[in-house]
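Asks: What follows is a single structure, and I will ask about it in a moment.
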Amino acid sequence: MQEGFVSYINDQKDMAQASLEADTEGIKNTQTVIQKAINWFRARSMFVVAYGTGCGAIEMPPVFTSRYDIERLGVVGVATPRQADIMIVSGYCSLKTLKRVIRTYEQMSEPKYVIALGSCAINGGMYWDSYNTIKKLDDYIGVDMFVTGCMPRPEALIEGFVKLQDRIKNNNIEPGYIKYKEDYQFYRANQERLFGKNIAPAFIEDYTGMDI
């Protein structure tokens with residue numbers, strides 16, 4: 001019999017027990033439905049921080065214009081990382097830019113997601129042998145979706161959003177921010193390898209003599 005339905009039972013004792021079990025199952029099913037609804041709403045309300053980090057920023061504005069109109073999918077731009085759910089690292093990322101990317105990422109509230117747009121953010125692309133650009137973004141922050149190309153067209157970015165929405169809606173994704181927290185020592189070591197110990201936020205254990 002389908003879960004959540006109670007069979008017709010003549011015995012009053014069995015009926016009472018079945019009724020109790022049905023109530024428990026009803027609560028469990030309601031929680032599942034609520035969680036599914038939360039995931040659906042979360043997938044359909046994506047706020048993207050307006051921060052163009054590289055050449056891929058040229059491809060991003062058309063996605064929000066009337067021709068592609070990604071707002072119909074629930075994707076909108078916001079001004080600050082405090083309001084944002086998604087950050088797009090659009091193309092190459094220099095070392096100077098990476099500092100700002102890390103700071104912006106850590107200011108975003110959870111749950112948060114990162115889309116690496118273009119070959120440069122994935123494997124270095126045409127700057128693979130450059131001394132001042134990074135090769136793999138996911139060595140420094142958590143990345144949830146990769147969109148390949150140099151540069152990807154707006155259609156490719158929209159497909160990346162759609163696939164990320166499907167993963168969030170179906171709850172079959174381990175978000176990058178969770179990996180970032182669980183493996184923070186790995187990410188922090190890679191960050192310090194580039195910038196030294198003095199990269200924000202600088203965690204100071206000895207507060208002796210400091211004016212707090």
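Bear in mind these aren't lab numbers, they're just calculated from the coordinates by the rules spelled out. The structure presented is a predicted model; accordingly, all values stated were derived computationally and were not measured. Heads up, the Cβs are rebuilt from the backbone with ideal geometry, glycines too, and the neighbour counts pull from every protein chain shown.
Asks: Once you treat every alpha carbon in the stretch 48-118 as an equal point and sum by Debye, what is log10 I(q)/I(0) at q = 0.15, 0.18, 0.20, 0.27 Å⁻¹?
Replies: -0.47, -0.68, -0.83, -1.33
Asks: Please list, in order along the stretch 55-68, the HN-Hα scalar couplings obtained from phi with the Karplus expression 6.51 cos²θ - 1.76 cosθ + 1.60 (θ = phi - 60°), rounded to whole Hz, x for Gly and Pro.
Replies: These are the phi-based 3J(HN,Hα) values: 5, x, 4, 5, 7, 6, x, x, 4, 9, 8, 5, 5, 9 Hz.
Asks: For the stretch 46-195, what are Rg and Dmax over the alpha carbons, in angstrom?
Replies: 14.5, 44
Asks: With θ set to phi - 60°, apply the Karplus curve 6.51 cos²θ - 1.76 cosθ + 1.60 along the stretch 69-83 and write out the HN-Hα couplings as whole Hz, x wherever there is a Gly or Pro.
Replies: Using θ = phi - 60°, the values come out as 6, 6, 4, 5, 9, x, 9, 9, x, 10, 8, 10, x, 5, 9 Hz.
Asks: Another question about this same structure. In nm, give the distance between the simple-model label positions of Trp128 and Asp166, each being 7 Å from the Cα along the Cα-to-Cβ direction.
Replies: It works out to 2.9 nm between the two label points.
Asks: What is the set of long-range amide H partners of Gly77 at a cut-off below 5 Å, with H atoms built 1.01 Å from backbone N?
Replies: It is Val48, by chain and number.
Asks: Output the pairs from Lys136/Lys169; Lys36/Lys99; Lys163/Lys197 with a Cα-Cα distance over 30 Å in this structure; if there are none, say none.
Replies: Details: Lys136/Lys169 27 Å; Lys36/Lys99 36 Å; Lys163/Lys197 37 Å.
Cα-Cα > 30 Å for Lys36/Lys99; Lys163/Lys197; rest within.
Asks: Additional query: Counting only residues 5 or more places away or on other chains, whose amide H sits under 5 Å from the amide H of Gly54 once H atoms are built in the peptide plane?
Replies: Answer set, sorted by chain and number: Ser90.
Asks: Can you give me the relative contact order of the stretch 73-212 as a percent, contacts being Cα pairs under 8 Å and 6 or more apart? Could the numbers behind the result be given before it?
Replies: On the way: 185 pairs, mean separation 29.9, N = 140.
Relative contact order here is 21 percent.
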